[in-house]
1. Taking R0 as 35 Å, what's the FRET efficiency between H93 and Q240 from their Cβ-Cβ distance, rounded to 0.05?
2. Once amide H atoms are built 1.01 Å from N in the peptide plane, which residues 5 or more positions from A163, or in another chain, come under 5 Å H to H?
3. In the set (i) 61, 37, 35; (ii) 65, 40, 34; (iii) 57, 50, 33, which value of Cα extents along the principal axes in Å was calculated from the structure you see?
4. Give a residue-ordered list of calculated ³J(HN,Hα) values for the stretch 57-64 (Karplus: 6.51 cos²θ - 1.76 cosθ + 1.60, θ = phi - 60°; whole Hz; x for Gly, Pro).
5. Taking Cα pairs under 8 Å and at least six residues apart, what relative contact order does the chain come out at, in percent?
6. Taking K130 as the anchor, which lysines have their alpha carbon closer than 19 Å to its alpha carbon, excluding any fewer than eight residues away along the same chain?
7. Under 20 Å from the 7 Å Cα→Cβ point of F227, by amide nitrogen: which residues of the stretch 174-207?
8. Would you mind ranking F234, F44 so that the residue whose beta carbon has the fewest other beta carbons within 10 Å leads the list?
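Every number here is computed from the coordinates shown, using simple stated rules; none is lab data. All values derive from a computational prediction rather than experimental measurement. Because the Cβ atoms are built from the backbone with ideal geometry, glycine has one as well, and the counts that use them run over all protein chains shown.
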Amino acid sequence: MLNQHLPLPPTKLQQKILKNTDRHCPFRELSTSRCKIMEQNGPFSPHNIYSREGIFSGLVFRGILFNTDALQEHVSCGFFKSWDAWKQFVAAHRDKKESYMCNPHVYGRTNGRSPSNAQHFWIGSEILHKKLLQEPNITFTEIVDFIATAKSLDKKTLFPTFAILTAYLFTVDLVYAGRAPMPSLEEVAKMVCKLDKGGSRGLTKIGVASDSSPKQIARGFIELFHFLDQDREFSHIKHQVIFDPFMLEHSLCKASRDSWLSFA
């Protein structure tokens, strides 16, 4: 009788997810790094994200610290109140391997992902912070495009390693923090097409999109969102997993990997 009330052991899929939630969890906001960075007093908290330092810390999170031991062990949940605070943090861990505070392959093959980019992020954070203040009607897509393409005065990339995927991920972080506008479902669908990454591959893999054309991908994404939004079984966990278009795109990326589906 007692065994009937004990929790079931995790499945192979659950074990795989729990081993590295940043890489495998299909629910975006339940990953280890997102849970850590969203703790009280982190960079995306209301009293920090509306500052240049909050933007800087958010860039450091996406561009350097995501999926690292350094983030999990940082006492201020990834918020750096000044440039000196960041330098002191780096100096305190200079005896550790660079992988302690930067996973160079966290988003796949990324050239140049390094803690040394923080200096560029510090300069760029002031520009992005002012842009968001001065352009209250800026759209979600415009923010993504700016982060991915902005150049400094010397014509160099303002946010190194922030190609469109990382720019998208950071802009979504800003949406959840209230610093960027929530896009429509249709705008996110167009962004999935523009990214042309795991979200698109996931839609074709599960058969929702018949091919990888922008029309099929956008239509498939919207139809799948509405299906899940109205599904009675899924409705029981929608709130817990923070279901929205961003979560769906994230889940499709995970579903696009053969190794992920083989454990189901």
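1. On the way: r = 35 Å, r/R0 = 0.99.
That pair, H93 with Q240, gives E of 0.50.
2. none
3. Checking each listed value against the structure points to (iii).
4. 5, x, 5, 5, 4, 6, x, 9
5. On the way: 327 pairs, mean separation 52.3, N = 264.
RCO, the chain: 20 percent.
6. K81, K151
7. 185-193, 197-207
8. Values: F234 13, F44 23.
By the 10 Å Cβ count, ascending: F234, F44.
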